[in-house]
Each structure stands twice: as structure tokens, then as C-alpha cells.
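Right, one structure below, let's go through it.
The values are calculated or read from the model by the stated rules, or taken from the named source; none is laboratory data. Given the structure is predicted, the values throughout are model-derived calculations rather than measurements. Glycine gets a Cβ as well: all are built from the backbone with ideal geometry, and neighbour counts include every protein chain shown. Keep in mind that these areas ignore ligands, DNA and RNA; they rest on the heavy atoms of the full protein, side chains included. Shrake-Rupley method; radii C 1.70, N 1.55, O 1.52, S 1.80 Å.
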Amino acid sequence: MPPLRTALLQSSGRPGAVAENLKVLDEAAARAAASGARLLVAPELFLTGYAIGDAVPELAEPVDGRSARAVAEIAVRHGLAVLYGYPERDGERIFNASQLIGPDGASLANYRKTHLFGCFEQEWFTPGEQTVVQADLDGLRIGLLICYDVEFPENVRAHALAGTDLLLVPTAQMHPFQFVAESVIPVRAFESQMYVAYVNRTGPEGEFEFVGLSCLAGPDGTVRTRAGRGEELVVGDVDPEFLAASRTANPYLDDRRPGLYGSLA
């Protein structure tokens, strides 16, 4: 299989302005497609903004809502898959969610954040209950987590055991936790032998200061592409052949002794 060229959109868009954020996504998809990308990943809650407070219920949409259809049109127009974050409404409950739309406009997967960070998220969102959500794209198994989820090694290892090749992590990583982007993400990729695309917001938003530093980390623990602190689109390749060779050279999953780990659960 050829490498899957993956574009990371580091942007906070315009908080509270869904239509404007869809335009930003469309423009990024055009640039990503021109670079040969087959996948575009946007940050956590990209469609609405993160620090939107009381507007969360108003801007939340069902998984198949108007914005989902707009993203599907973007995916089809530019011939690539799109992963975006949004507040998902399901009846009276609202989830911090991300949805992966395929190049044909079909929904491939929808994930609800399982580990909510801080008072803001815990006030407005219901935690999801499904840790491993996956889809197949161009011969690779794609997994989904959101921000704080990836800081729990159990979540990433669960994906590794389920066969995830590329883990997509839209995030809203804020100061002073930039060490997660700099150090934790490459380690997660290495210890669970997968690629990890970690895609952040950037700049001030409400009470938060997002640090950027989006990256694509490989299974050898090295970063294939890294954004700076501002608005940026960066591109990197997910190479299935390199992934297979790395898993052979670093057989963590084969060498595990699960019988010794029962107390961890």
C-alpha cells in the first residue's frame, strides 16, 4: 500500500461562527488535496470553537446534521477524508465528538470523548462510553480519540490491541501543558507501535491559550511533521511498510504479559 498523506489543520477558526469555520475547512481541504493528501484532520470542537460557554447547547448538532452534510460536500469536492470536532446533540445529551467523513461523503466513524477535562467540559458534556472507535481508509485502520483521552495510556493501548494503525487525536491543548504535544505523543506512538496525528487549536480563546505544536508522530517515536504556534497546515505520510517493519523490530504487543496486569483494571 502507498503511504497515506495526512494533512493537519492547526487552527481555532472563528469561535461561535460555524459557517465561517466551514469555509476555513473547505479552504484547508483544497490545499491539502493539492499536496496529495487523502486525509485532513481538524482540531477538537473545530466547527464551533472551544470556549463558547452558554452557546454549546445552541450550536450542538446531531451526528447527521446540517454541518455534517456540509463537511461531506467538502470531502467529496476535494476527494479526501475529513475528521472534524463538533458538539454532538443526542436528545437531551451533548457530547464532545469528532466525526470522520470519507472521500465519498459517507460517515465512516463518530467518536464521543470519554475523558472530559476540567470544569468547562464536565459542565456541558456527557462523557462517551466507547473507547475504541475505528474505520478503514485506504487499507489502514484509523482510530479516534479526543485530546485528554490520549493522556491515558490505557486508551491508546486498547487501540493498539484492536489493530489501529493511525490514531487521530483532535485536541484543544492549552498552556502550560505543551509537554504533551512535545513529549507524550511521540512516546504514545512508540509504546503502542502506531502513527498518531495530534491536531491542536492555537492562540487565545476565552480564558484559554492554545499552544499549537500539532504533530504526526511515527511508531519509532520520531515526529514526521510538526506545526509551530500559529495557524498552519502541515502534511506528513503514514507509511504502512515502515509501520509493519517497526512492529517487527519493537514487539511490545507480542511481548506483553496480560496476566500480570490485572490489578491495573
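The table below gives the values:
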item: Under Karplus coefficients 6.51, -1.76 and 1.60, residue-wise ³J(HN,Hα) of region 174-186 in Hz, glycine/proline x; result: 10, 5, x, 9, 5, 4, 5, 5, 6, 10, 5, 4, x
item: Principal-axis tilt of helix 18-34 within the chain, Cα atoms, nearest 10 degrees; result: 40 degrees
item: Other-chain or far-sequence residues with amide H under 5 Å of Leu144's (modelled H); result: Val133, Leu168
item: Inter-site label distance for Arg93 and Glu129 at 7 Å from Cα along Cβ, in nm; result: 0.6 nm
item: Mean projected area in nm² (Cα convex hull; one quarter of hull surface) for region 40-172; result: 7.4 nm²
item: Gyration tensor verdict on region 101-200 (Cα atoms; rounded if a/c is under 1.5, prolate if a/b is larger than b/c, oblate otherwise); result: oblate
item: Chymotrypsin sites (Phe, Trp or Tyr not before Pro) within region 166-265, DSSP loop, no more than 11 other Cβ atoms inside 10 Å; result: Tyr261
item: Most mobile listed residue (Asp138, Asp220, Asp255) in the chain, GNM with C-alpha springs under 10 Å; result: Asp255
item: Accessible surface, per residue, of the chain when the full set of protein chains is kept, probe 1.4 Å, Å²; result: 41 Å²
item: Under Karplus coefficients 6.51, -1.76 and 1.60, residue-wise ³J(HN,Hα) of region 206-219 in Hz, glycine/proline x; result: x, 7, 9, 10, 7, 9, x, 6, 3, 8, 10, 9, x, x
item: Accessible surface of region 59-201 [probe 1.4 Å, protein heavy atoms]: carbon and sulfur percent; result: 52 percent
item: HN-Hα J in Hz across region 234-240 - Karplus 6.51, -1.76, 1.60, θ = phi - 60°, x for Gly and Pro; result: 10, 10, x, 9, 9, 9, x
item: Spacing of the two label points (7 Å from each Cα toward its C-beta) at Glu209 and Phe179, in nm; result: 1.8 nm
item: Ranked packing of 118-127, 73-82, most packed first, by mean Cβ within 10 Å; result: 73-82, 118-127
item: Point-to-point label distance, Glu154-Arg257, nm (Cα→Cβ direction, 7 Å offset); result: 2.2 nm
